[in-house]
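Values quoted throughout were computed directly from the atomic coordinates according to the rules given, and no laboratory measurement underlies them. Owing to the predicted nature of the structure, the values given are computational and were not obtained by experimental measurement. Here Cβ is always computed from backbone atoms with ideal geometry, including for glycine, and neighbour counts include all displayed protein chains.
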Amino acid sequence: MMVRVSDEPPSEENPANHAEEATPAAPPQRLRTLLIIAGVLLGLDLLTKCLVVANLKPGEPVSIIGDFARFSLVRNPGAAFSMATGMTWLLTLVAAAVVIGVVRIGRTLRSLWWAIGLGMVLGGALGNLVDRLFRAPGPLQGHVVDFIAVGWWPVFNVADSSIVCGAILLVVLTVFGFEPNGTRTGREEPDTADDAATETTANKTTSEGNTA
């Protein structure tokens with residue numbers, strides 16, 4: 001009686017199955033998170049500006065903490081913290097370019113912290129861009145509404161704060177090696193070693209199956 005022995009290893013010993021089990025799932029894309037954060041900050045910025053314009057008059061500040069913190073309505077033709085006041089149209093184009101660039105990066109983003117930082121920058125850039133497009137004296141020349149005055153610091157708004165805080169977060173992430181794709185600089189070597197060990201185990205299992 002002849003016994004036929006299959007040369008194929010059992011399905012449970014298939015190295016492809018081991019490779020699939022050993023490969024971690026990629027982090028989810030974070031574009032939705034980025035857009036939600038940007039939308040919330042944009043809404044907050046527009047709401048506070050509308051309230052300030054409706055209730056404050058230029059040159060009539062409202063004290064919050066003595067002379068240290070106050071609300072003071074200022075129409076700013078320049079950038080954040082009243083910089084570059086004579087280049088309104090150029091700042092408008094720069095803000096539009098920032099918005100486009102952030103959205104393009106966000107399409108492949110997988111790091112939650114990068115999504116938070118870029119979302120803050122995007123929300124702030126959109127907030128001030130809306131002012132430049134729709135407020136007086138006209139499109140591309142609109143003056144941004146600033147109203148938060150703290151100590152000697154130039155008057156600013158929610159959008160300015162969002163941009164600055166988001167930029168600081170992105171710098172910190174870069175310094176500590178956190179990448180937009182969800183990995184961290186200097187952590188790739190252990191992953192490579194794990195892949196090599198997994199491949200060796202799979203090859204050994206295949207050899208044992210063929211021998212059996």
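Annotations for the structure displayed:
- Listed peptides 89-97, 30-38, 69-77, 116-124 by packing density, highest first (mean Cβ within 10 Å): 116-124, 30-38, 69-77, 89-97
- Sorting the segments 156-166, 130-140 by their residues' average number of neighbouring beta-carbon atoms within 10 angstrom, most packed first, yields 156-166, 130-140.
- Against the empirical curve 2.2 N^0.38 Å, the C-alpha radius of gyration of region 87-126 lands at a ratio of 1.24.
- With the alpha-carbon atoms of region 49-180 aligned to their principal axes, the span from lowest to highest coordinate is 46, 35, 24 Å, starting with the largest.
- Charged neighbours of Phe147, selected by a Cβ distance under 15 Å, balance to 0 (K, R count +1; D, E count -1).
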